[in-house]
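Every number in this text was worked out from the coordinates using simple rules, so none of it is lab data. In this text, all values refer to a predicted model and were calculated from it rather than measured experimentally. Glycine also receives a Cβ, built like all others from the backbone with ideal geometry; neighbour counts cover every protein chain displayed.
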Amino acid sequence: LIAAVDSVRAPKLAPPAAASAADVAAAQAHVDGQYANFRARLTHLDGEIARYAQALPLAVQRAGDYRALAATRDVAEHAWLEKEQARIDLAGQLASARSERAALVAQTRKDAYDALAEGARVAAASGQDARRAGARGSLLRLTAPVDGTVQQLKLHTVGGVVPAAQALMQIVPRQGRLEIDAMLENRDAGFVQAGQAVAVKVDAFDYTKYGTVPAVVSSVSRDAIEDDKKGLVYAVRITLQQPAIVIDGKVVPLSAGMAVRAEIRTGTRRVIEYVLSPLVQHQKEALHER
């Protein structure tokens, strides 16, 4: 609007890239209305100024003529004073119209600058509010470091309160290798170590028909864990060697949460050892078949 006032041309907004078409149209209509009001008042004042400016020279001439005639007493002095007063009034009206025009332009510019400053203040305040809202939102939003599947969600209530340091969920990475967390009985812990082969049976698929999934022992815990049912057990982590199993000619991806059983291969024995095993166990109860 300031540029339109200075150039006396219709305003044309330069909308920001983020503004919608509806917002731009509304803003342009508002500015057009302000400019139309300003232009109407300006045109009216310009018309009055032109009329006064055109009439003033004639009034000056007429007042001068009557002054000369009054000096020679060809007309009464009162007649000259009337013409002089008319000249003075016309000059005053011209000066007043010009002053009003200048005041109109100055006030319109001031209002435009005030609106611009207010818009900048509101935009700055809105930006600060948006940043504060974004900061608050970031505190309420949890972002997983990996893409995966959520398991064992601890909280299901909307608006629920979470105590500090409480685990909310477990995330199984989608692109990572599937692993099995198994428990190893205390009596078998001495025979299992990292690198041993494992045959994994998936409960959802009959292993006698579809076979097992190859895996390998990744690690065995150093310390035993007390289990309510089995007593002391050791935690074993097993890594699957393939992410899927073939079922009736179709490749079925394995996913986290499937129930499995892991059989760790601790070694091989000759057939005769299996035959003699019951006798050996009867004589030496400290030995266990593996």
Size of the stretch 36-153 along its principal axes in angstrom, Cα-based, largest extent first? 118, 18, 15
Going by amide H atoms built from the backbone, whose H comes under 5 Å of the H on Q196, apart from near neighbours? V217
With r defined as the distance between the Cβ atoms of M183 and K154 and R0 fixed at 25 Å, what FRET efficiency is calculated, to the nearest 0.05? 0.70
Phi-derived 3J(HN,Hα) across the stretch 106-122 with the Karplus relation (6.51, -1.76, 1.60, θ = phi - 60°), rounded Hz, x for Gly and Pro, is 5, 5, 5, 5, 4, 4, 5, 5, 4, 5, 5, 5, 5, x, 5, 5, 5
For E77, project a label point 7 Å along Cα to C-beta. Then give me every residue of the stretch 41-69 with its amide nitrogen under 19 Å of that point. 63-69
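Just add up the charged neighbours of S99: K/R +1, D/E -1, any other residue whose Cβ is under 15 Å from the Cβ of S99. Walk me through the numbers before you get to the answer.
Numbers: positive: R41, R98, R101; negative: D46, E48, E100.
Result for the neighbourhood of S99: 0.
First select every other residue whose beta carbon is under 14 angstrom from the beta carbon of V216; then total the charges, Lys and Arg +1, Asp and Glu -1.
Details: positive: R177, R237, R265; negative: E179, E263.
Cβ neighbours under 14 Å give a net charge of +1.
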Please list the non-local residues whose amide H lies under 5 Å from the amide H of I171, H modeled 1.01 Å from N, same-chain partners needing a gap of 5 or more. Q151
What's the exposure ranking of V162, V252, going from fewest to most Cβ atoms within 10 Å? V162, V252
Expressed in Å to one decimal, the Kirkwood Rh of the stretch 123-168 from all distinct alpha-carbon pairs is 13.4
